Amino acid sequence: MSGPLLRTKLYLPGPRSAAQLVPRPRLIERLNDGLDGKLTLVSAPAGFGKTTLLSEWAAGCGPRTRVAWVSLDKGDNDPSRFWAYVVAALQSVCEDFGEGIHVSQSRPPPIETILSGLINEMVGISGPFALVLDDFHMITAPQVHAGFSFLLDNLPPSLHLFLSTRADPPWPLARLRARGEMTELRADDLRFSHQEAATFLNGVMGLHLSPENVAELEARTEGWVAGLQLAALSMQGREDIDTFIKAFGGSHRFILDYLVEEVLDRQSSDIQEFLLKTSILDRMTSSLCDAVTDRDDGQAILPRLDQANLFIVPLDDERRWYRYHHLFADLLRSRLEQTQPEQVPALHRQASKWYEQNGLIYEAVTHALAAGDAERVGRLIAGNALTMIYHGQLTTLLRCLEALPDDIVRSRPWLCVAYAWALAYAGQLDAVKPVLQAAETALAGLEATGENRHVTGHVAAIRAYSADLRGEYSHAAELAREALERLPDEDLMIRGFALSLLGTALRDSGDLVAATLASTEAVTISLAAGDVRVAVTALCELAILLIWQGQLRRAATHSRDALQLADGFAGQSGQQLPATGLAYARLSSVLREWNDLEAATHYARKAVELCEQWGQADISIVGYSCLARALQATGDSDGALNAIQRMRQIASAVSPYYGALAAVWEAQLQLAQGDTAAARWARESGLSVDDEANLDVESAYRTIARILIAQGEFDPALRLLARLLKASETAGAIGYAIEIQVLQAMAHHARGEGDKALPILERALSLAEPEGYVRTFIDEGEPMGQLLRQAAARGIAVGYVGKLLAALEQETEDRHRLGRAVPGSMVEPLSERELEVLRLLTTHLSSTEIARELIISVNTVRSHIKSIYSKLDVHSREDAVQRAEKLDLL
């Protein structure tokens, strides 16, 4: 949601005074008894006193049970709004709850990822507490229902959920009933009994009806609380009570139509006008009412309506915010439409203006849509689209744009630009092109102005971003420069964005020096514009540049600077920037390399949560990649696989380039887990050791080299690695050069060429030691351990090598203790002689015959076979052949 949360939605409705309250001990007891389960469902048609009952129960809880409350409305179908309000409600009863939770989703979110932090925080709250979601029938979005169902399945025992709703939620309620996990209160439970009806009519409303009149009225209303209240209001001041009650009847709709007319007709014309005009509002405060009614007496009238019990509900203790009873509001709106239909658009327009002036853009757009004011909707969106996006409101923005007629959007250049930004950030690249073409078509019919050039600057920036997502880096850089030429100097926000994008494109093109200059300028411009989001993004771009260059310590500093900047923004605005997720991802990468796996995993999870909130596909891909690598380093192979599969799902929907890149990362994970699917990816990738490998796809070729080494194809692997090393050193990508030299050393070691392996390893160690590299070495497992011990024996970097060996040995010990696989590649490489023996194992030759074929002893053959079985993790000749076939070793 753009702008602050409406705190009044979180206020527990104030308990009624004893004189206004009908005690309902039998229902209160039912609610208390249900606390041992997970859910209490209070489901009944409108006007049965659901909210009043729950507020009475909450008021009587005292300190033993803390109660959080959310009053829901249709706008909460946006998953980000819904879960933001849930977190805010829980924070109202537990101040330190959820400080790191920032939820939102603009695309269908991975429910487990978004809610895991919320559930874990709930577990940490001491003592019983309850969450009441009032008017849950307003929620129809499948995403929200899916998330809530997941929450129910994993609900901590200290939390109990209450739902007040007019319709049952679309969940498997029968399962909850069968398990005894749900308490239900329905219309039959909520109807006033004869005694309760008498207490209400005579005690609360002061009507002094006879027992016969009470019984007849109770029978005609069937205990319906709202019907009794409306009837009582109509009877106040009447002399002909008996006649009124006898004539009282019909369906609920006709009863309501009749009673509302009776109630409204008995109010002054002044009050009637106020009621009808303010009925368009979901919640009211005096200044908002004044803006809508074009009066100045809202502060006096609202308390009068409250005191008169005229279906108005105070939303805070200070009685500054109110709402009408939902049923009463529906009826008032219907009457307004019937009697003054021409007034409705103007009233919504006035409400929209008030919300805009108070920084509540979502509400302002909603009322502008209700007013049918496309011009206003367009202006609000065009002026706030990027702000809404940067606050994680992609879903809301797209919904508002889709609600406008297509011809209105396409005829207004700035609306097209807003729509294109939203689609691009959502990763819907195929939909971006026609919208941008519509913007240019609309511009063609207008007189050339500086404003037109401004629009074309945005168009170029969006196209640059789309090209970057497709992996077209040269084109992206060209378009980013075009955007900078066209954008006016005062549009610092988009100029900063274009510079940051230029830095990314130049990095992926291999020009790290120019990329650093562009990203540094992006930081400067964005800070000058007060655009923290782009400044954070550009700092993160500098961090990844430094990681590529092997400068881990500076990369960590830039990542922390980005987090500090984002935290400062959150402290001032009360909202965490979703872009902070990118900073968490960069910091996680460095911490993982330093082998601080607990912190790396923690920050990777935070990255995923915030990247999903933002909904920007490319950054979500980065977050999941970091999470997968961190989890794999801890030995959590299943968790790593789940993360990488979610990453591929997002990447495939963005572009073929990102889909291919995600496949590379998945193959790397499979390789680390010993999964033979990595070899299948290498066969199907279309990549060749003779390709010219650009820096942006170098990781794919490093993966190919790893697979070749595992298959004993040392010559093509070393030939490829030599070319990759030259390209990396030329570009200044020392981080890549370290990993490539580690692989070269591993290949020579597997080939039995220690005299060649150790000098290469020594160069890698000399580059890595100042920056504290760890995982690049120990991820290679025991073969690296052997090589490091040889290096130590020769006095090579003894102190650093000792630390690496200690880390590897500790990890191996921990993995064995936990029953997890030790670090290493797909298989420990087989020597050339072992490969010769392996190929002969596919024949019917015996060990003696193999020895005769290779001109070696039988004992030597048996020794090779034992080694082959160990490296392939098999126990028979048949299994060895099958495993070798899957690994393409044959």
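The values are calculated or read from the model by the stated rules, or taken from the named source; none is laboratory data. Everything numeric in this text was worked out from a predicted model, so none of it was measured. Don't worry about glycine lacking a Cβ; one is built from the backbone with ideal geometry, like all the others, and counts go over all protein chains shown. Remember, those area values only see protein heavy atoms, side chains included, never the ligands or the DNA or RNA. Shrake-Rupley method; radii C 1.70, N 1.55, O 1.52, S 1.80 Å.
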Asp430-Lys726 FRET efficiency (beta carbon distance; Förster radius 41 Å; 0.05 resolution): 0.60
Helix axis angle, 361-370 relative to the chain longest principal axis, alpha carbon, degrees: 60
Accessible area in square angstrom per residue, the chain, 1.4 angstrom probe: 40
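Give me the percent relative contact order of region 323-394, please, defined on Cα pairs under 8 angstrom at least 6 residues apart.
22
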Point-to-point label distance, Ser126-Thr441, nm (Cα→Cβ direction, 7 Å offset): 6.6
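Using DSSP to call loops (not H, G, I, E or B), can you name the GluC sites (Glu not before Pro) in region 658-756 whose Cβ has at most 15 other Cβ atoms within 10 angstrom?
Glu692, Glu753
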Using alpha-carbon coordinates, inclination of helix 617-634 to the longest axis of the chain, degrees: 60
Trypsin sites (Lys or Arg not before Pro) within region 733-796: DSSP coil, no more than 13 neighbouring Cβ in 10 Å: Arg794
Efficiency of FRET from Cβ geometry, Lys353 and Gln649, R₀ 51 Å, rounded to 0.05: 0.75
Two-site FRET efficiency, Ala300 against Glu29, from Cβ-Cβ distance with R₀ of 45 Å, rounded to 0.05: 0.65
Segment Ser116-Glu782, length gained on full extension (0.36 nm per residue, minus Cα span): 236.3 nm
Subset of Lys726/Lys871; Lys756/Lys871; Lys726/Lys756; Lys606/Lys871 violating a 29 Å alpha-carbon distance limit: Lys726/Lys871; Lys606/Lys871
Region 448-497 versus region 758-818: alpha-carbon centroid distance in Å: 47
Ranking by accessible area, most exposed first, for Thr52, Thr842, Thr221 with a 1.4 Å probe: Thr842, Thr52, Thr221
Asp696, Asp317, Asp242, ranked by accessible area, largest first (probe 1.4 Å): Asp317, Asp242, Asp696
Of all DSSP beta bridges in the chain, antiparallel share, percent nearest 5: 20
Partners for Lys803 among aspartates and glutamates (Cα-Cα distance below 13 Å; same-chain residues under 8 apart left out): Glu769, Glu811
His844, His558, His875, reordered so the largest accessible area comes first (probe 1.4 Å): His844, His875, His558
Coarse-grained scattering of region 407-474 at q = 0.13, 0.15, 0.25, 0.26 Å⁻¹, given as base-10 log I(q)/I(0) from a Debye sum over alpha-carbon atoms: -0.33, -0.43, -1.04, -1.10
For the chain: span of alpha carbons on each principal axis (Å, largest first): 121, 70, 47
Contact order relative to length of the chain, as percent, for alpha carbon pairs under 8 angstrom and 6 or more apart: 8
Proximal lysines to Lys353, defined as alpha-carbon separation beneath 26 angstrom and excluding residues fewer than eight positions away on the same chain: Lys9, Lys74, Lys277
Low-density loop cleavage sites - trypsin sites (Lys or Arg not before Pro) in region 155-203, where at most 12 other Cβ are within 10 Å (DSSP): Arg179
Relative contact order of region 701-763, defined on C-alpha pairs under 8 angstrom at six or more residues apart (%): 27
Reachable aspartates and glutamates from Lys38, criterion Cα separation under 18 angstrom, eight or more residues apart if same chain: Glu29, Glu121, Asp134, Asp153, Asp168, Glu181, Glu184
Gain on full stretching of the segment that runs from Arg852 to Asp189 - 0.36 nm per residue minus C-alpha separation: 229.6 nm
Theoretical gain in end-to-end length, Asp489 to Glu239 [0.36 nm per residue, Cα-Cα removed]: 82.4 nm
Computed over region 719-870, Cα set: Rg, Dmax in Å: 18.1, 54
Other-chain or far-sequence residues with amide H under 5 Å of Val313's (modelled H): Arg323, Tyr324, His325
Cα-based helix-to-principal-axis angle, 512-529 vs the chain, degrees rounded to 10: 20
Computed accessible area, Thr140, all protein chains, 1.4 angstrom probe, square angstrom: 100
